[in-house]
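Here is the structure we will look at, set down as structure tokens.
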Amino acid sequence: MSFFSQFFKSIKKRRILSFFIFVSILTILLGGYLFLEKKIDLETIALFLFFLTIAQVFVLQYFFKNQLKNDTRQSNLNLRINELKTSLKESDRMIEHKSIYLSNMSYEVRTPLSTVLGMLNMLKQTNLDSDQKAQVEIAEYSSKHLLQLVNMVTDNADVKIESLQLNLLAIDLKSDLFHLFKVFEYQAWEKGLEFDFKFLYEEKDTFSVLGDSARIQQVLINLINNAIKFTNSGKISIIVDQTVSIDEDQIVTFYIKDTGVGMRQEEIKRIFNNASSPYDASMMRYYKGGGIGLSISHQLVKLMGGDLKLESKENEGSTFYFSLQLKKTLNIKTENTEQQPILLDKFSVLVAEDNRMNQKVIKFLLERQGADCTFAKNGIEAVDLYKILDFDMVFMDIYMPDMDGYQATKAIQETEKYIKNNTPIIAVSASAFEEDINHAKSAGIDEFLAKPIETDRLKELLVKYSKKNSST
């Protein structure tokens, strides 16, 4: 392209020069004609040609000066374009590095956290007195709180809020939020603050609503965290108001009130308007450590069909509140069947897991459901065990030494061609980004189970594949 552009530029210059040469020749011919035919004196013709030549010189100078400016401008523009292309490539590399870093960070945090939650779950099943049970519950919900914060960071960095999908399930807000508020009650007490929360109902009988419990809790975690952080003395009050209903919908309004530093009116107007850059200098006092969480909360509430609002007075405190219109659903009370195993027939499971603490956790969870567990500490050992023993299901950790979960899955699938078997393989990993799940599916893995392992999800998989095995 540069050759052709230079070529056409040279043609343009040649045309202009040719025009001036042509004009000069005509001028000389005109001068000769006037001198020979019209008998005009030579001095007059010479003077005429002199001024005409000067005029041509000025015109040529103007042309070449403009041409030089245009060439310089074009050169600077090309240089700027090349700089922007280089910056864009560098930005893409930084985004890729950030994604890798977040993936590694998520994995490194979720792996020990899954062990902590698993051990706390095991501890809850032992004989504890009321105080010990309360302490274990606080530790468990604090760990879940940390897990939600990790998920919040990775969600916000990896995908746009608008692209998130709500997981609508029948939830009992009082049951779901009671333990969460208890965790914050403990944190407030440590800071010397009063903390109270209450649930208001329109009817005597409680009911369930269809909502995304995880997203609601994520918003409340951000708002209550900020309330405690920016309140040095006084009280934190939480109200969950379910006294208003419209036909089959329930209007649920959440109030988070504090007696903290508060905000000026001009700050209130701008607080949710700068989601991409919350650390505005004039608002740094309030935003420090909290702006991103407020921005995410505002977007999540919007995603759920509500609008996060704020009332505040400087040095008096703030009240964040939002309303959600949720569908009512039947409040089905189920018996606590957690102690009853769901697998009544013999069900043999191969677990490939290199972390011994995680082995203990998954062994506890599987055996409580009636499964027989055999463990392999890496992919090679898992493949060898699969060749000599019969298994109804395989739980495959993705990241293991010697041979990872993907390689082990491929080797097992090659073995199945000869033994004519099709054992379901479940990927188990603390790295649970969308690309990890898609990679597992493309590798031929049947299901994905994220760490920390959720008991309900584990039960769902055991029931699903135990029925398939019994039907075949």
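The values are calculated or read from the model by the stated rules, or taken from the named source; none is laboratory data. What you are looking at is a predicted structure, and each value in this text was computed from that prediction instead of being measured. For neighbour counting, all protein chains shown are included, and Cβ atoms are generated from backbone atoms with ideal geometry for every residue, glycine included.
Numbers for the structure displayed
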{"read-out": "Those residues of the stretch 217-263 which are part of a loop (DSSP other than H, G, I, E, B) and β-branched (Val, Ile, Thr), in sequence order", "value": "THR231, THR259, VAL261"}
{"read-out": "Scan of the stretch 234-258 for residues that are out of contact with any Ser or Thr (no Cβ under 7 Å at 6 or more places or on another chain) and of a type outside the set (A, V, I, L, M), ordered by number", "value": "SER237, GLN242, THR243, SER245, ASP247, GLU248, ASP249, GLN250, PHE254"}
{"read-out": "Elements of type strands (runs of 3 or more DSSP E) in the stretch 312-388, at least 2 residues being over 22 Å from GLY118 (Cβ atoms) and modelled with pLDDT under 90", "value": "317-329"}
{"read-out": "Conditions (1) modelled with pLDDT of 90 or more; (2) surrounded by fewer than 15 Cβ atoms within 10 Å (Cβ to Cβ); number of the one not met by LYS420", "value": "(1)"}
{"read-out": "Long-range neighbours under 6 Å by Cβ, at least six apart or interchain, first residue assigned by TED's automatic domain parsing to the domain that holds PHE320 within the stretch 254-269, second of a type in the set (A, V, I, L, M) and modelled with pLDDT under 80", "value": "GLU267/MET283"}
{"read-out": "Any hit, the stretch 60-75, residues being of a type in the set (S, T, N, Q), closer than 30 Å to GLU190 by Cβ and either free of Cβ contacts under 8 Å to residues at least 60 places away in the same chain or in a helix (DSSP H, G or I) (or both)", "value": "no"}
{"read-out": "Sole residue being of a type in the set (D, E, K, R), farther than 17 Å from VAL463 by Cβ and in contact (Cβ under 8 Å) with a residue 60 or more places away in the chain, chosen from LYS387, LYS360, LYS410", "value": "LYS360"}
{"read-out": "In the stretch 170-204, residue nearest to GLU434 (Cα to Cα) [restricted to those that are in contact with a strand residue (DSSP E or B) (Cβ under 7 Å, 6 or more places away or on another chain) and at pLDDT below 85]", "value": "TYR201"}
{"read-out": "Residue match in the stretch 421-433 (condition: without any contact (Cβ under 8 Å) to a residue 60 or more places away in the chain and part of a helix (DSSP H, G or I))", "value": "no"}
{"read-out": "Residue list for the stretch 76-124, filter: farther than 25 Å from TYR399 by Cα and in contact (Cβ under 8 Å) with a residue 12 or more places away in the chain", "value": "LEU123, LYS124"}
{"read-out": "Residue count for the stretch 58-110, restricted to those that are closer than 30 Å to PHE22 by Cβ and surrounded by 11 or more Cβ atoms within 10 Å (Cβ to Cβ)", "value": "8"}
{"read-out": "Some residue of the stretch 282-304 being more than 21 Å from the chain's Cα centre (by Cα), at pLDDT 60 or above and in the same structural domain as LEU324 (by TED's automatic domain parsing)", "value": "no"}
{"read-out": "Residue check, LEU102 touching an Asp or Glu at 6+ places or on another chain (Cβ under 9 Å) and modelled with pLDDT of 80 or more", "value": "no"}
{"read-out": "The stretch 111-147, subset within 14 Å of HIS179 (Cα to Cα) and among the acidic types (Asp, Glu), residue surrounded by the fewest Cβ atoms within 10 Å (Cβ to Cβ)", "value": "GLU137"}
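Residue-wise test of (1) in a helix (DSSP H, G or I); (2) small (Gly, Ala, Ser); (3) more than 19 Å from GLU353 (Cβ to Cβ).
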position: GLU90; (1), (2), (3): yes, no, yes
position: ILE100; (1), (2), (3): yes, no, yes
position: ASN104; (1), (2), (3): yes, no, yes
position: TYR107; (1), (2), (3): yes, no, no
position: PRO112; (1), (2), (3): yes, no, no
position: MET122; (1), (2), (3): yes, no, no
position: ASN127; (1), (2), (3): no, no, yes
position: ALA134; (1), (2), (3): yes, yes, yes
